[in-house]
Amino acid sequence: MAKQAGVWIDHKQAIVVLITGKEKEIKKITFDIGQPIRAVAGSRPTRPYKPGEFIAEDTLQRKLENDRQNYYDDVIKSFRGAKGLLVLGPGEAKGEFVKRFRSKKLSGVTLDIEAVDKMTDRQIAAKVGEHFTPAKTKTTPTRRKVAKKKVAKAKPKKRQKKS
């Protein structure tokens with residue numbers, strides 16, 4: 001049976017919904033940076049930095065970008081074999097994920113993108129299920145409008161005066 005997937009994604013976590021027939025499976029994938037990139041605000045070392053201890057900003061950015069690419073790859077691995085994919089989410093993460101997905105050149109997967117705000121797991125599953133179910137056609141007969149017949153009203157007769 002055809003398998004469809006939906007992904008709600010931001011920079012902190014991804015919620016993957018897999019639909020096979022009538023079954024829905026929900027997976028959560030969190031973005032784990034590993035070690036904190038920066039020290040907690042307000043905490044400073046008691047001694048000044050030495051040349052080998054300082055980490056350049058561009059190095060930190062590259063490390064974060066590589067970690068994000070690995071995160072997107074983990075999300076892509078979670079829905080392998082899906083024929084259709086709906087990407088949901090707020091902000092830039094959705095666009096970055098789609099860019100990474102297209103760079104993988106996976107063939108045979110239809111991709112739809114929709115901007116949504118924060119949603120619960122059940123709302124995401126319902127949205128994905130609604131997106132992939134075929135629209136039901138209405139079989140109710142259409143009613144024709146019938147013009148109303150104009151009926152001439154009889155004018156009241158004038159009363160004659162009795163003399």
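Just so it is clear, none of the values below were taken in a lab; they were calculated from the coordinates. Remember, it's a predicted structure, so these values are computed and weren't measured experimentally. Note that we place each Cβ from the backbone using ideal geometry, even for glycine, and neighbour counts take in every protein chain shown.
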Residue list for region 102-134, filter: among the acidic types (D, E) and more than 22 Å from G21 (Cβ to Cβ): E114, D117
Hits in region 86-123 - residues which are of a type outside the set (V, I, T) and within 10 Å of the chain's Cα centre (by Cα): L86, L88, G89, P90, K94, D112, E114, A115, D117, K118, M119
Lone unmet requirement of (1) within 19 Å of K127 (Cα to Cα); (2) touching a strand residue (DSSP E or B) at 6+ places or on another chain (Cβ under 7 Å) for G81: (1)
All positions within region 79-91 that are surrounded by fewer than 17 Cβ atoms within 10 Å (Cβ to Cβ) and either touching a residue at least 40 places away in the same chain (Cβ under 8 Å) or under 14 Å from A14 (Cβ atoms) (or both): G81, K83, P90, G91
Residues that are surrounded by 19 or more Cβ atoms within 10 Å (Cβ to Cβ) and farther than 20 Å from K3 by Cβ, drawn from region 92-125: A93, K94
